[in-house]
Amino acid sequence: MASSLRIEQVDRPVLAQHDSAILDLVFVMDCTGSMGPYIDSAKNNIHAIIEEIVANETSNIRLALIAYRDHPPQDTSFVTCVHDFTTQVNEMKSWLDNFRADGGGDTPEAVADARHDVLHLSWRSDATKICVLISDAPPHGLHQENDSFPNGCPAGHDPARLVRNMAEQHITLYVVGVEPPIVLYRDFFMALAYITGGQYVPMINAKLLAKVIIGGVREEISLDRLMQDALPDIDREMQRAKEDGLDDKIKAQRLNEIFSAKNLRSKRMKNSHGALSSAATDGYAKCPDMAEMRIQFRKQLESTPNTFATSTLTTLASDINYDLMEDVDVSEDQAARLVQKWQQRNKKTYY
């Protein structure tokens, strides 16, 4: 591999409102003490990640990085550190090289602050916009045990509201959840990703991080293309569903019928252990703010078997697979995520 990869910008005609060949990709990384293997994996693989995406999907890509730790007194180094978009992979690599896993204090971290910063990056209006959050801890205010800020982010940022703002700005969230530490909060993070039309991806091996990022990005680009190809039909069907008072599950089924009739297919990363849960879609995703999510978490905590984390991890370790499947039927989960994308992007006129 060449030591320097530069993504050249080429002259192009005036762009349509959205172009799936244009990609803005931000990495949001927890840089506290437990995250060393994942920071190193990103450092070591960033060139390979971008080369594969460029080779298969797009030559017009920009990268950004937001690192986060925690608020004082839990951490006094920084709360967030923001590097806005660049076209140069070597610059991204230098940013990653400057970070090491350190600090953190209590269990929760400044997750909300980092997502707030995501909204203020210089996103291009016509790009496919993807945010990859790599985390092993919840935000403040969800699980109040061992939380120095039990009422939530001390800066006042609300994760539930922020993620809806991301969805309205067409930013899709992928959460790479480092397990086992994050297992207790899996449905919470899954709901945040689902609201934007993204995915929760469980991760127990840092060496697989590059594969997940490549697979997730390529799947997301294919779904954006699919939405563009079928947008008039999706608009029409979603309006009919609203008039008929249908729930999101039936809406997804109707969209899948459209895709099947038009022989529209997609790419799909294998993520069976990140399959949507009812706790995420029917519980957390319905909560308007962090206060309601905290109530939902307490209810779930009371009913979650103590064996949940252990049994899940045993299965994950034996058959985890993030292979990318190309030219496949749109899955139920993908259709459900597309419903969320459409509804959030049309929120002002649809509700």
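Place a +1 charge on the Cβ of each Lys and Arg in the chain and a -1 charge on the Cβ of each Asp and Glu, then give the dipole magnitude about the Cα centre in debye, rounded to the nearest 20.
Charge dipole, the chain, about its Cα centre: 500 debye, nearest 20.
Relative to the current alpha-carbon distance between residue 59 and residue 321, full extension at 0.36 nm per residue lengthens the span by 91.6 nm. Cross-link partners of residue 347 among lysines, defined as those whose alpha carbon lies under 16 angstrom from its own and excluding same-chain residues fewer than eight positions apart: 242, 251, 286. On the beta carbon distance between residue 48 and residue 347, with R0 = 56 Å, the FRET formula returns roughly 0.90.
Mind pulling up the Rg/Rh value for the stretch 131-211? Radius of gyration and Kirkwood radius, both on Cα.
Working: Rg = 13.0 Å, Rh = 13.2 Å.
Rounded to two decimals, Rg over Rh is 0.98.
Give the calculated FRET efficiency between residue 295 and residue 275 to the nearest 0.05, with a Förster radius of 30 Å applied to their Cβ-Cβ distance. Calculated value: 0.75. Two tests apply to each whole DSSP H helix in the chain, Cα reach of 15 Å or more along its axis and mean Kyte-Doolittle hydropathy of at least -1.0, and the ones passing both are 36-56, 186-196, 209-244, 248-261, 290-303, 308-319. In this simple spin-label approximation, residue 282 and residue 253 carry label points 7 Å from Cα along the Cα→Cβ vector, and these lie 1.4 nm apart. Computing percent of Cα pairs over 38 Å apart directly from the structure and comparing it against [x] 38; [y] 24; [z] 12 singles out [z]. In terms of other Cβ atoms within 10 Å, 322, 284 run from fewest to most in the order 322, 284. Please enumerate, by chain and number, the aspartates and glutamates with C-alpha under 17 Å from the C-alpha of residue 43, excluding those fewer than 8 residues away in the same chain. Within the straight-line limit of under 17 Å, residue 43 reaches these aspartates and glutamates: 30, 51, 52, 91, 97, 102. With a simple spin-label model that places each label point 7 Å from the Cα along the Cα-to-Cβ direction, the separation between residue 207 and residue 155 comes to 3.6 nm.
The three principal axes of the Cα atoms in the stretch 188-303 give end-to-end lengths of 44, 40, 20 Å, sorted in falling order.
Throughout, read-outs are computed from the coordinates displayed, never taken from laboratory work. What you see is a predicted model, and the numbers here were worked out from it, not measured in a lab. Cβ sites come from the backbone with ideal geometry, for glycine too, and all protein chains shown count toward neighbours.
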